[in-house]
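A.B. asks: Can you read through this structure? Questions will come right after.
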Amino acid sequence: MKIALDAMGGDYAPAQVVAGTVEYVQQGGTAGVVLVGIQDQLQPLVTAAGLEGKVAVVHAPQVIDMHEHPTKALKEKKESSIATGFGLLAREKVDAFASAGNTGAMLVGAMYSLRPVEVVLRPTISTIIPTADGGTALLLDVGLNSDCKPEQLNQFAVMGAVYAQEILGIAQPRVALLNIGEEEGKGNLLAQATYPLLKENSRIQFVGNVEGRDIFMGRADVMVCDGFTGNIILKMAESLFPITQREGIQSPYFNRFNFENYGGTPVLGIQKPVIIGHGISGALAFANMIRLGEQMVHTGTLQKMSAALAS
């Protein structure tokens, strides 16, 4: 198994990418790591870190900056670290690809280099939600699809349930629709049209609506919503850990909101694992990106999603 990392992606690349690779290797990681980036910058760091012979370096002389237009950049910078990483994944030279670089370029690359699974209406991205009861929930979509249709949310529910089973280890995930009330019939037109689809979906254990106050309380293991709503919740949740650190609050629960603990978010509904990390990712996040890619390949999560949707 080989996991490719965009070594030039992120505010602290390539140093923190290499540091994260060191952490992964030192903690017994068994997947082969392929660092994609500018060789003259990478090789000295790899040598100094004692990774010589333990990782592979693939030269990619161009870098897509954070603020470049995704589609244009991928077309014009065909030797960029992101384009090269997708090329390796598409040609099956690696089994997964992760980057903390230009999010738009990663999403465009995932959509058009790999293409969605045939039965998938729209791929989606999710986020981990630490719950107050010590558990872990999943929220999706969180930004890939600002406007959604009921049929798409129904598929998100299936994909989220499979991810919760295979990656979060929840045997029978409870699936809920994020809404403004608990009663059936509540919400906007999207929520009202989605509810009966989820209720009739035999592939999931649907438990009804949950409200905003329920998100962190463990009322459901998988919560579905449109990407506009989900992204607002994601960005709000991301503020909790920095606030507690600034205020000197030491809390095992709020420490779980540190995004680096989870590495990144995978694109669900495509053919191979693609993981998107935060632009300010450090070594811990990069190490966890590798681990998540390894886990997704090992469990065959995406293939199981395809099978669940097809049935």
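The values are calculated or read from the model by the stated rules, or taken from the named source; none is laboratory data. Fair warning: this is a prediction, and the values are worked out from it, not measured in the lab. Neighbour counts are summed over all protein chains in view; Cβ atoms, including those assigned to glycine, are modelled from backbone coordinates with ideal geometry. Ligands, DNA and RNA are excluded from the accessible area calculation, which covers all protein heavy atoms including side chains. Shrake-Rupley method; radii C 1.70, N 1.55, O 1.52, S 1.80 Å.
A.B. asks: Please verify whether the stretch 103-117 includes one or more residues that are farther than 18 Å from ILE82 by Cα and touching a helix residue (DSSP H, G or I) at 6+ places or on another chain (Cβ under 7 Å).
C.D. replies: Yes, because at least one residue in the stretch 103-117 is farther than 18 Å from ILE82 by Cα and touching a helix residue (DSSP H, G or I) at 6+ places or on another chain (Cβ under 7 Å).
A.B. asks: When you scan the stretch 264-287, do you find a residue that is basic (Lys, Arg) and outside any helix (DSSP H, G or I), even just one? Give the derivation first.
C.D. replies: So in the stretch 264-287, the residues basic (Lys, Arg) come out as 272.
Keeping just the survivors that are outside any helix (DSSP H, G or I) gives 272.
The answer is yes; a qualifying residue exists.
A.B. asks: In addition: Take the residues in the stretch 249-263 that are among the aromatic types (Phe, Trp, Tyr) and assigned to a helix (DSSP H, G or I), then tell me which one is nearest to the chain's Cα centre (by Cα). Write out each step before concluding.
C.D. replies: Kept after step one, since they are among the aromatic types (Phe, Trp, Tyr), are these residues of the stretch 249-263: 253-254, 257, 259, 262.
Still in the list and also assigned to a helix (DSSP H, G or I): 253-254, 259.
On the way: TYR253: 21, PHE254: 20, PHE259: 11 Å.
That would be PHE259.
A.B. asks: Based on what the data block shows, is SER80 touching a strand residue (DSSP E or B) at 6+ places or on another chain (Cβ under 6 Å), open to solvent by less than 20 Å² (accessible area, probe 1.4 Å), of a type outside the set (A, V, I, L, M) and more than 26 Å from LEU309 (Cβ to Cβ)?
C.D. replies: Working: touching a strand residue (DSSP E or B) at 6+ places or on another chain (Cβ under 6 Å): yes; open to solvent by less than 20 Å² (accessible area, probe 1.4 Å): yes; of a type outside the set (A, V, I, L, M): yes; more than 26 Å from LEU309 (Cβ to Cβ): yes.
It is true that SER80 is touching a strand residue (DSSP E or B) at 6+ places or on another chain (Cβ under 6 Å), open to solvent by less than 20 Å² (accessible area, probe 1.4 Å), of a type outside the set (A, V, I, L, M) and more than 26 Å from LEU309 (Cβ to Cβ).
Residues checked against (1) more than 21 Å from THR71 (Cα to Cα); (2) open to solvent by 10 Å² or more (accessible area, probe 1.4 Å); (3) in contact with a Lys or Arg (Cβ under 8 Å, 6 or more places away or on another chain):
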position	(1), (2), (3)
GLY104	no, yes, no
TYR112	no, yes, no
VAL120	yes, yes, no
THR127	yes, yes, no
THR131	yes, no, no
GLY135	yes, yes, no
ASP141	yes, no, no
ASP147	no, yes, no
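A.B. asks: Does LEU197 qualify as being under 18 Å from LEU139 (Cβ atoms) and in contact (Cβ under 8 Å) with a residue 12 or more places away in the chain?
C.D. replies: In short, no.
A.B. asks: May I ask you to list pairs of residues, at least six apart or on different chains, whose Cβ atoms are under 6 Å apart, with the first in the stretch 263-283 being among the charged types (D, E, K, R) and the second being open to solvent by less than 20 Å² (accessible area, probe 1.4 Å) and at pLDDT 95 or above?
C.D. replies: LYS272/LEU89
A.B. asks: Would you check which residues across the stretch 199-248 are open to solvent by less than 30 Å² (accessible area, probe 1.4 Å), in a helix (DSSP H, G or I) and of a type in the set (Gly, Ala, Ser) and list them?
C.D. replies: Across the stretch 199-248, the qualifying residues are GLY227, GLY230, ALA237.
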